[in-house]
1. Roughly what % of Cα-Cα distances in the stretch 32-81 sit above 17 Å, to the whole percent?
2. For Lys111 and Thr98 in the same chain, what is the full-extension length gain: residue separation times 0.36 nm, less their Cα-Cα distance, in nm?
3. Be a star and scan the stretch 22-66 for residues whose amide nitrogen sits under 11 Å from the point 7 Å along the Cα-to-Cβ vector of Tyr89.
4. Which listed residue (Ile53, Phe35, Leu75) has the Cα farthest towards the positive end of the charge dipole for the stretch 32-81, taking +1 on Lys and Arg C-beta and -1 on Asp and Glu C-beta about the Cα centre?
5. Out of the chymotrypsin sites (Phe, Trp or Tyr not before Pro) in the stretch 41-89, which ones are loop residues according to DSSP with at most 10 other C-beta atoms within 10 Å?
6. If you line up the Cα atoms of the chain on their principal axes, what length do they span on each, largest first, in Å?
7. So if I place +1 on the C-beta of Lys and Arg and -1 on the C-beta of Asp and Glu, and nothing else carries charge, what would the dipole magnitude of the chain be about its Cα centre? I want it in debye, nearest 20.
8. With a sphere of radius 13 Å drawn around the Cβ of Leu19, what net charge do the other residues whose Cβ falls strictly inside it have (Lys, Arg +1; Asp, Glu -1)?
Amino acid sequence: MKKLKNVDLIHIEQRLDSLKNQDLVARPPRGWIRFIREALNMSSKALAKRVGISPNTMSETEKAEIEEAITLRKLKRVADNLNCDFVYYFLPRKPIQTMLDDRLRYITEQKIRNSNLELSEEEIEKLIQVEVNELLYNKKMWDEI
């Protein structure tokens, strides 16, 4: 199992931060396919022909995008035929390091509190720190407890 190094995490956080600084635009109500197609003054039939599908399938494709039932492969194919880049990524709601710290603290605290040991809060906190350091960057930290 490959351990994530602190340098790797710093690089990941930098890449994610650069995405956060972009002006993110919500998907148009009728979908990106239709939005761009109409901006180009292109009929659904013309786009279907460019993509190599039937007009009916093109209509289903636009509907599938709105319903979030379309494949990434299909979106990329349509985007290519609209002379667009297809961009896809996850943007974490919190920094990765915060998510790691929160998870480690949670599982460690659960483990200690479920041990039925009679410990002071200070002792629990010390044990949490020891356990957190032991689990740090271990993929098992995401297993159910």
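Laboratory data are not the source of any read-out in this text; all were calculated from the coordinates shown. Remember, predicted model here, so these are calculated numbers, not experimental data. No Cβ is skipped: glycine too gets one built from the backbone with ideal geometry, and neighbour counts run over all protein chains shown.
1. On the way: 262 of 1225 pairs.
The share of Cα pairs beyond 17 Å in the stretch 32-81 comes to 21 percent.
2. Details: separation 13, 0.36 × 13 = 4.68 nm, distance 1.99 nm.
Between Lys111 and Thr98, full extension yields 2.7 nm more.
3. Label zone hits: 22-24.
4. Ranked along the dipole, the leading option is Ile53.
5. Here the sparse-neighbourhood loop sites are Tyr88, Tyr89.
6. Sorted from largest, the Cα extents of the chain read 72, 30, 29 Å.
7. Numbers: 26 positive and 24 negative charges, 253 e Å.
Around 1220 debye, computed over the chain.
8. On the way: positive: Arg15, Lys20, Arg93; negative: Glu13, Asp17, Asp23.
Once all neighbours under 13 Å are counted, the net charge is 0.
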